[in-house]
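As structure tokens, the structure follows; a few thoughts come after it.
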């Protein structure tokens, strides 16, 4: 989650490293042509749904990524959390806190 927060924070807010994140994403994702995707889309869908990671489908004029439903839900949840003022920083701070320094009782 912490890596994802840093990554999305850099991209969404134009922070340092946004270009590096974009380059890292391209290097980590497998790219196939639209023709290959069309010829065996069911197999691609099964592969992505099974957790093989996203697949970038590229045509001559455009490209899109095929991601699993669970990955899409994770992206949506992360974007929602980061849209709440101070939430990203609070989560990162919480991740840095040793378990011994936490409590089971919340003062809400």
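Yes or no: residue 71 within 30 Å of residue 39 (Cβ to Cβ) and free of Cβ contacts under 8 Å to residues at least 24 places away in the same chain?
So residue 71 fits the description; yes.
Can you find even one residue in region 19-31 that is at pLDDT below 95, part of a strand (DSSP E or B) and over 23 Å from residue 79 (Cβ atoms)? So that I can check it myself, show each step before the final result.
In the first step, residues of region 19-31 are kept if they are at pLDDT below 95; the result is 19-31.
From what's left, part of a strand (DSSP E or B): 30-31.
Those still in the list that are over 23 Å from residue 79 (Cβ atoms) too: 30-31.
Looking for residues that are at pLDDT below 95, part of a strand (DSSP E or B) and over 23 Å from residue 79 (Cβ atoms), one finds at least one in region 19-31, hence yes.
May I ask you to list the residues in region 63-108 that are in a loop (DSSP other than H, G, I, E, B) and either over 28 Å from residue 43 (Cα atoms) or out of contact with any helix residue (DSSP H, G or I) (no Cβ under 9 Å at 6 or more places or on another chain) (or both)? Let's see the steps before the verdict.
Here is the first cut: in region 63-108, the ones in a loop (DSSP other than H, G, I, E, B) are 67-68, 84-86, 97-98, 102-108.
Selection gives 84, 85, 86, 97, 98, 102, 103, 104, 105, 106, 107, 108.
Restricting to region 43-52, name every residue that is surrounded by 15 or more Cβ atoms within 10 Å (Cβ to Cβ) and touching a residue at least 12 places away in the same chain (Cβ under 8 Å).
44, 48
The values are calculated or read from the model by the stated rules, or taken from the named source; none is laboratory data. Remember, it's a predicted structure, so these values are computed and weren't measured experimentally. Here the Cβ is made from the backbone with ideal geometry for all residues, glycine too, and neighbour counts use every protein chain on show.
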